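Following: one structure in structure tokens, then a few remarks.
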Amino acid sequence: MKINEIKVIVASPGRNFVTVKVITDDGLYGIGDGTVNGREKAVVAYLEDHVIPTLIGKDPMRTEDIWQYLYKGAYWRRGPITMAAIGAIDMALWDIKAKAAGMPLYQLLGGRSRDKVMVYKHVGGLEISEVVEGVLALREAGLEAIRAQVSIPGLPPIYGTGPSTDQAAGGMVRPMPTEEVWATHKYLPLVPKLFEKLRDAVGWDVHLLHDVHHRLTPIEAARLGKDLEPYRLFWLEDAIPAELQEGFRIIRQHTTQPLAVGEVFNSVFDLTTLITEQLIDYIRVTSVHAGGVTGLKKIFDFASIYHVRSACHGPMDVSPVAMGCNIHVDVAISNFGIQEFTGYTDATREMFPYTWSYDRGYLQPGEAPGHGVDIDEAVAAKYPYAPAYLPIARLEDGTMTSW
Ligand code: KDG
Ligand code: MG
């Protein structure tokens, strides 16, 4: 079998997605996700100018060799754009391999290790009472794990709390990033109050999670971890920016609060200190940003040796294609922890016919051969690319800050 053609399809059914379609000489094709939120066109150029011309005529079954060819062969290793481009190709090649085998992808990854994949969904609100209502509603809908975020009184709603300022909200074109305001001293006392109210309302038979969005310093995160201990959170996510992995040592010295990180990581080298020193409990890489099924499997297998469990990033900007691949990996690996799942707009679901399924807090991989996600190119053509960015954050005095 040979790779005959690779298409890159960019479409915005509510938000931008970069999708590849790898077509072989015997008619089999595979689909991959290469979306990097707010930097989509960079991946398109990388694929079209530097990846696709080198792959025509190659054997699509050589998933490991092609992964290494694109990774080592670039000389300029790692980075979100490179790894998303590799990820897109890798997902498509695994799709082809599993279709050729006549099996769902998870069978090629070792078969099922579990019957179903537990997910968490998000609740955000301007007031604590609104978040409590939202969490109760998701409990009612069957969720066993729920992420809760609240706005800081006196400041405009920040990402993840109020009416979304991300492009996911209704397909808004955002040619410039919106600017948000952050104040750590107002946030730190608020979060324990939120979880106190949540435990009073929903009890203890539910996993509660919180995402800090990289906004604290290590010692601030240590304080928050200690203050949250009475509420037994499932995890505290992205407590600090994690380029400096050693920062997690400070948090770990002070709190038993389980920690999660990794949605912006793209290779195993982003997390070697975190994992070998057991500084975290959950690793949140996802197929699209960490080099596809091959990259994800390498990272999770490495993490398994150090008691670190998986928690694939899965918001709306991780397309149904990458979500499909995540679910196959989730169901197969031994150290699965949880899967993030926020769901998709109707237009996105129309554009990506998929065989995986969601029911009351759990996901199932599709049983069709391959990863089970396709792209309807006629639907994609109806939704052209629209420039859109994530927000940025500044302190109250105007200083740029992390989020
Ligand atoms: O594109 C960025 C989003 O995917 C990210 O901000 C969402 O933090 C996020 C999460 O945990 O899903
Ligand atoms: Mg996050």
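The values are calculated or read from the model by the stated rules, or taken from the named source; none is laboratory data. Owing to the predicted nature of the structure, the values given are computational and were not obtained by experimental measurement. Cβ: placed from backbone, ideal geometry, glycine included. Neighbour counts: every protein chain shown.
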Residues of the stretch 356-381 classified as out of contact with any Lys or Arg (no Cβ under 8 Å at 6 or more places or on another chain) and either without any contact (Cβ under 8 Å) to a residue 24 or more places away in the chain or assigned to a strand (DSSP E or B) (or both), total: 5
Sole exception among (1) at pLDDT 95 or above; (2) part of a strand (DSSP E or B) for D200, by number: (2)
Single match in T286, T256 (criterion: under 26 Å from A322 (Cα atoms) and touching a helix residue (DSSP H, G or I) at 6+ places or on another chain (Cβ under 7 Å)): T286
Number of the exception - V10 against (1) within 24 Å of G370 (Cα to Cα); (2) not in a strand (DSSP E or B): (2)
Hits in the stretch 202-223 - residues which are β-branched (V, I, T) and under 24 Å from G337 (Cα atoms): V202, V206, V212
Residue in the stretch 200-209 that is buried (at least 22 other Cβ atoms within 10 Å of the Cβ) and on the phi > 0 side of the Ramachandran plot present: no
Residues satisfying the stated conditions in the stretch 310-361, i.e. of a type in the set (D, E, K, R) and within 13 Å of ligand 1 (Cβ to nearest atom): D317, E340
Which listed residue is charged (D, E, K, R) and within 16 Å of ligand 2 (Cβ to nearest atom), from E340, E396: E340
Among (1) within 16 Å of the chain's Cα centre (by Cα); (2) more than 16 Å from ligand 2 (Cβ to nearest atom) - the single one C312 does not satisfy: (2)
Number of the condition not met by I146 [criteria: (1) touching a His at 6+ places or on another chain (Cβ under 9 Å); (2) free of Cβ contacts under 8 Å to residues at least 24 places away in the same chain; (3) among the aliphatic types (A, V, I, L, M)]: (2)
Residue in the stretch 65-75 that is more than 26 Å from Y29 (Cβ to Cβ), without any contact (Cβ under 8 Å) to a residue 60 or more places away in the chain and small (G, A, S) present: no
Set G337, G366, G324, G314: member being of a type outside the set (A, V, I, L, M), buried (at least 19 other Cβ atoms within 10 Å of the Cβ) and at pLDDT below 95: G366
Qualifying residue in the stretch 33-40 (condition: free of Cβ contacts under 8 Å to residues at least 60 places away in the same chain and within 25 Å of the chain's Cα centre (by Cα)): yes
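Can you tell me which residue among Y282, Y231 is of a type in the set (S, T, Y) and either within 16 Å of ligand 2 (Cβ to nearest atom) or under 20 Å from I81 (Cα atoms) (or both)? Let's see the steps before the verdict.
Numbers: Y231 fails: either within 16 Å of ligand 2 (Cβ to nearest atom) or under 20 Å from I81 (Cα atoms) (or both).
Going through Y282, Y231 in turn, just one is of a type in the set (S, T, Y) and either within 16 Å of ligand 2 (Cβ to nearest atom) or under 20 Å from I81 (Cα atoms) (or both): Y282.
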Count of residues meeting criterion [surrounded by fewer than 21 Cβ atoms within 10 Å (Cβ to Cβ) and touching an Asp or Glu at 6+ places or on another chain (Cβ under 6 Å)] in the stretch 9-34: 1
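State the number of residues belonging to the stretch 209-228 that are part of a loop (DSSP other than H, G, I, E, B) and within 14 Å of ligand 2 (Cβ to nearest atom).
Just the residues of the stretch 209-228 that are part of a loop (DSSP other than H, G, I, E, B), to begin with: 212-217.
Next, only the ones that are within 14 Å of ligand 2 (Cβ to nearest atom) stay: 212-216.
Residues flagged as part of a loop (DSSP other than H, G, I, E, B) and within 14 Å of ligand 2 (Cβ to nearest atom) within the stretch 209-228 amount to 5.
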Some residue of the stretch 80-95 being surrounded by fewer than 24 Cβ atoms within 10 Å (Cβ to Cβ), of a type in the set (G, A, S) and at pLDDT 95 or above: no
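The rows are residues; the columns are (1) outside any loop (DSSP other than H, G, I, E, B); (2) away from ligand 2 (no atom under 16 Å from the Cβ); (3) under 26 Å from G262 (Cα atoms).
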{"residue": "A84", "(1), (2), (3)": "yes, yes, yes"}
{"residue": "D95", "(1), (2), (3)": "yes, yes, yes"}
{"residue": "S113", "(1), (2), (3)": "no, yes, yes"}
{"residue": "K121", "(1), (2), (3)": "yes, no, yes"}
{"residue": "L155", "(1), (2), (3)": "no, yes, no"}
Some residue of the stretch 46-62 being of a type outside the set (K, R), within 24 Å of the chain's Cα centre (by Cα), outside any helix (DSSP H, G or I) and assigned by TED's automatic domain parsing to the domain that holds K99: no
Breaking point among (1) exposed (fewer than 15 other Cβ atoms within 10 Å of the Cβ); (2) modelled with pLDDT of 95 or more; (3) over 24 Å from A98 (Cβ atoms), for P387: (2)
